[in-house]
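K.L.:
One structure is given below, represented as structure tokens, and several questions about it will come after.
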């Protein structure tokens, strides 16, 4: 389990959040929503050990954590297979073993055998995102931190990758903390939805969710969620 207990963080322009309490349990996808600048990415950085909070306790009991960033951040000189295998190389896996594992994941994520030898510049945005997700899952993490990984993609590609991520949660039972600005994305993906207010951020909504596939049901659920005054105010809706 990942636990934040009374966590506070301050930047030079003021407090980001104060006494934040948050937990992510094994096998669950938690969507973190909130306005720009409220500390969603900072929360992921703290969870990943890339940023130290000012106060409070952060406990990550998961064996291995992987991160999927907003941009794919692929190595431009390496092909798709070697990019997906990058984490395995860092762990000391044999080249043949890591390439086989990367190829298996990329094929399952929708790339063709010809795509495996392409460098990032030869891949579409959706393909690059698939490689980045494969890179994360290749190391067999039990916690994946995702920071708006599909924000720059068109609606069709975004939905395809949402299905892929949800499938991986159910297949591997790995926990996911997923940052998004998109209420409908949260409703499609999450087992639990947490909404942060503007800075200094606090949790204004924390509720269970059953992932929704039907488009009409998603939009109805989004309307109901945004009808809550605290959520509307947090997301800066009038």
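Rule-based calculations on the coordinates, nothing more; no lab input. Worth saying up front: this structure is predicted, and the values here are computed from it rather than measured. All Cβ positions, glycine included, derive from the backbone under ideal geometry; neighbour counts span all protein chains shown.
K.L.:
In nm, what is the difference between 0.36 nm times the number of residues separating residue 173 and residue 113 and their Cα-Cα distance? Before the final figure, lay out each step's value.
P.N.:
Working: separation 60, 0.36 × 60 = 21.60 nm, distance 2.76 nm.
Length difference between fully extended and current span is 18.8 nm.
K.L.:
Roughly how many Å is it from the Cα centre of the stretch 175-194 to that of the stretch 94-169, as a whole number?
P.N.:
For the stretch 175-194 versus the stretch 94-169, the Cα centre distance is 19 Å.
K.L.:
While we're here: Grab every C-alpha pair in the chain, bin the distances at 10 angstrom width from 0 up to the longest one, and report whole percents.
P.N.:
Calculated over all Cα pairs of the chain, the distribution is 8, 31, 35, 20, 6, 0 percent.
K.L.:
How are the C-alpha pair distances of the stretch 41-110 spread across 10 Å bins, as whole percents from the shortest bin up?
P.N.:
17, 38, 30, 13, 2
K.L.:
In nm, to one decimal, how far is the residue 230 label point from the residue 104 one, both placed 7 Å along Cα→Cβ?
P.N.:
4.5
K.L.:
With an 8 Å Cα cut-off and a minimum separation of 6 or more residues, compute the relative contact order for the chain in percent.
P.N.:
Values: 462 pairs, mean separation 66.2, N = 238.
28 percent.
K.L.:
Expressed as an acute angle from 0 to 90° and rounded to the nearest 10, what is the orientation of the C-alpha long axis of helix 95-108 relative to the principal long axis of the chain?
P.N.:
Once rounded, the angle reads 60 degrees.
K.L.:
Test of understanding: extend the Cα→C-beta vector of residue 89 to 7 Å, then name every residue of the stretch 137-155 with backbone N under 20 Å from that spot.
P.N.:
Hits in the stretch 137-155 for residue 89 at 20 Å: 137-141.
K.L.:
Quick check: the angle from helix 125-138's long axis to the longest principal axis of the chain, C-alpha only, nearest 10 degrees?
P.N.:
Roughly 90 degrees between the two axes.
K.L.:
Then there is this: What is the Cα coordinate range of the stretch 119-238 on the first, second and third principal axes, sorted by size from largest, in whole angstrom?
P.N.:
46, 31, 28
K.L.:
As an exercise, use a Förster radius of 30 Å and the Cβ-Cβ distance of residue 151 and residue 23 to find the FRET efficiency, rounded to the nearest 0.05. Write out the running numbers ahead of the final one.
P.N.:
On the way: r = 25 Å, r/R0 = 0.85.
Efficiency computed from Cβ-Cβ geometry: 0.75.
K.L.:
Measure off 7 Å from each Cα along the Cα-to-Cβ vector at residue 223 and residue 207, then give the distance between these two points in nanometres to one decimal.
P.N.:
Here the modelled spin labels are 1.6 nm apart.
K.L.:
Follow-up. Tell me, what is the percent relative contact order of the stretch 180-235, built from C-alpha pairs under 8 Å that lie six or more residues apart?
P.N.:
Working: 69 pairs, mean separation 20.4, N = 56.
Averaging sequence separation for qualifying contacts and normalising by length gives 36 percent for the stretch 180-235.
K.L.:
Right, another one. How long is the stretch 63-180 along each principal axis, judged by its Cα atoms, biggest number first, in Å?
P.N.:
Per principal axis, max minus min of the Cα coordinates gives 34, 34, 21 Å.
K.L.:
Per 5 Å bin from zero, what fraction in whole % of the C-alpha pairs of the stretch 93-141 is there, up to the bin with the longest pair?
P.N.:
It works out to 4, 22, 34, 25, 12, 3, in whole percents.
K.L.:
So how far apart, in nm, are the two label points at residue 63 and residue 75 if each is 7 Å from Cα heading toward Cβ?
P.N.:
For residue 63 paired with residue 75, the spin-label model returns 2.5 nm.
K.L.:
Helix 155-172 versus the longest principal axis of the chain: what angle, 0 to 90°, nearest 10, using Cα atoms?
P.N.:
90
K.L.:
Once every DSSP H run of n ≥ 4 in the chain is given -39500 (n - 2.57) and the sum is divided by its residues, what mean residue ellipticity at 222 nm do you get, rounded to the nearest 500 deg cm²/dmol? All intermediate terms of the calculation are to be shown ahead of the outcome.
P.N.:
Working: 9 runs with 90 residues, N = 238.
Computed ellipticity for the chain at 222 nm equals -11000 deg cm²/dmol.
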